[in-house]
1. Tell me, please, whether a residue that is of a type in the set (A, V, I, L, M, F, W, C) and farther than 21 Å from residue 371 by Cβ can be found in segment 233-248.
2. Would you mind finding the one in 151, 135, 165 that is in a helix (DSSP H, G or I), over 30 Å from residue 16 (Cβ atoms) and either charged (D, E, K, R) or outside the structural domain of residue 323 (by TED's automatic domain parsing) (or both)?
3. Could you please let me know if residue 253 is of a type in the set (S, T, N, Q) and in contact (Cβ under 8 Å) with a residue 40 or more places away in the chain?
4. Quick one: in segment 167-192, of everything that is touching a helix residue (DSSP H, G or I) at 6+ places or on another chain (Cβ under 8 Å) and surrounded by fewer than 21 Cβ atoms within 10 Å (Cβ to Cβ), which residue is modelled with the lowest pLDDT?
5. Restricting attention to segment 338-359, does a residue exist that is closer than 23 Å to residue 393 by Cβ, surrounded by fewer than 23 Cβ atoms within 10 Å (Cβ to Cβ) and of a type outside the set (A, V, I, L, M)?
6. So for segment 100-120 (the condition being touching a Ser or Thr at 6+ places or on another chain (Cβ under 9 Å) and without any contact (Cβ under 8 Å) to a residue 60 or more places away in the chain), does at least one residue qualify?
7. If I filter segment 207-225 for residues that are part of a strand (DSSP E or B) and either of a type in the set (A, V, I, L, M, F, W, C) or out of contact with any Gly (no Cβ under 9 Å at 6 or more places or on another chain) (or both), do I get at least one hit?
8. Here are 90, 127, 116, 137: which of them is farther than 20 Å from residue 13 by Cα, surrounded by 14 or more Cβ atoms within 10 Å (Cβ to Cβ), out of contact with any helix residue (DSSP H, G or I) (no Cβ under 6 Å at 6 or more places or on another chain) and of a type in the set (Val, Ile, Thr)?
Amino acid sequence: MPEQFTPKAELDQRIHRLQQMMAQHAIDGALVIEPTNMFYFAGTMQSGVLYVPAEGEPVLMVRRSIERARLESTLSCIVPFASYRTFLAILDEHGLASPQAPGLEFSIPMEMYGRIEKYVKGPFKDIQGLVARCRAIKSNYEANLIREAGRRQVDNFARIPSLYRGNMTELELGAAIEQQMLLLGHHGMANIQSWGSRLHIGYVSAGENGYYPHMFDGPGGCKGICPAVPELGSQRPIQKNEPVLIDLAFGYQGYHVDMTRIFCRGQLAREALDAQKRCLEIQQWIVELLKPGATPSQIYASMIDKLQKLNWTEHFMGYGDRAVKFLGHGVGLSVDEFPAIAKGFDEPLEAGMVLAVEPKKVLPGVGVVGIENTWLVRAEGDAVKLTAADDDIRELPL
């Protein structure tokens, strides 16, 4: 797979959009430190800081590796950086004034904040929300990368039945899937921006393990390898006639899609088939509303209201009080991006946003059924399904 560097026009457009938002919030200089955010604006992921002034060219200050930064980034100003003690001097060398109303990602560790505030005077303003909103609207360049991730993910899911061997455990099937994903171009990890969260590639959860208690903020569950690594799958063998929840994030050149399908060795019970059918209906109801101008909070409220009238909210989106309070989420350089289809997300959807929609239902004593696909909101017409495979239950060999 050839290396792909972010074009200069892309970086220029992203920097300009951030500067427009900074002006709206009276921020005269922004320090971008978080690695994924740095990659978004600079095209490289290094130890250091990207300084974005209110106007003009940004300065990428790199502790290590400056050689790699200059190979990967098309920014014109990339300089060595020893510590924040030299930060203001570097700005002065490049004709930039010290920021009087600086912006900073409040998600950075306190230890790092302590080093910064010694030399850069606040008060600081949080730019994490501004950056999230920049990243939420994908350019054609980004949409094409996500589309390619989706194409490869569809291929991955189509091959899963051929990976299954008799009496495989969740972990054994998960390991075979992971190898296959790497060979299909997956970049080896899934990026999560929520603090303290992590996601390997996703999980394979059979039967009641589909709602096993888990710290991850999602409707499904995963017992995982062990308490220290509750990831991928457990040593539990996959049984006949039970739902197998396979929820995977595929990343290509940094950009992700999120996709879930239900698998089964044999035949699911009527209860599970009926619940699966309803989840597909809910997906369709949501997707019909994914248009510019619609607000995620209103989509969420309307869906919950409809399901309450159908008496179908119990164990929907999780078991009991573990149920999550969203129906979907943004996807891009991270699997959990802005916006979520949830209460409180009142800003209208815009063309170019990419969202995963994942209605799922827990059936106590049985497992989890449901669906997840990744969708691109368009300026006109219906949202485009980027994980363009059928939503049918997939068969595993007996």
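1. Filtering segment 233-248 down to residues of a type in the set (A, V, I, L, M, F, W, C) leaves 238, 244-246, 248.
Subsequent filtering for residues that are farther than 21 Å from residue 371 by Cβ retains none.
No, segment 233-248 contains no residue that is of a type in the set (A, V, I, L, M, F, W, C) and farther than 21 Å from residue 371 by Cβ.
2. Details: 135 fails: over 30 Å from residue 16 (Cβ atoms); 165 fails: in a helix (DSSP H, G or I).
Within the list 151, 135, 165, the selection yields 151.
3. Details: of a type in the set (S, T, N, Q): yes; in contact (Cβ under 8 Å) with a residue 40 or more places away in the chain: yes.
Against the criterion (of a type in the set (S, T, N, Q) and in contact (Cβ under 8 Å) with a residue 40 or more places away in the chain), residue 253 qualifies.
4. 188
5. Applying the first criterion (closer than 23 Å to residue 393 by Cβ) to segment 338-359 yields 356-359.
Next cut, surrounded by fewer than 23 Cβ atoms within 10 Å (Cβ to Cβ) only: none.
No; the residues of segment 338-359 include none that is closer than 23 Å to residue 393 by Cβ, surrounded by fewer than 23 Cβ atoms within 10 Å (Cβ to Cβ) and of a type outside the set (A, V, I, L, M).
6. Within segment 100-120 (the criterion being touching a Ser or Thr at 6+ places or on another chain (Cβ under 9 Å) and without any contact (Cβ under 8 Å) to a residue 60 or more places away in the chain), the answer is yes, since at least one residue qualifies.
7. First, the residues of segment 207-225 that are part of a strand (DSSP E or B): none.
No, segment 207-225 contains no residue that is part of a strand (DSSP E or B) and either of a type in the set (A, V, I, L, M, F, W, C) or out of contact with any Gly (no Cβ under 9 Å at 6 or more places or on another chain) (or both).
8. Matching residue, one of 90, 127, 116, 137: 90.
The values are calculated or read from the model by the stated rules, or taken from the named source; none is laboratory data. None of these values were measured; they are calculated from a predicted model. Methodologically, a virtual Cβ is constructed for each residue, glycine included, from the backbone with ideal geometry; neighbour enumeration extends over all protein chains shown.
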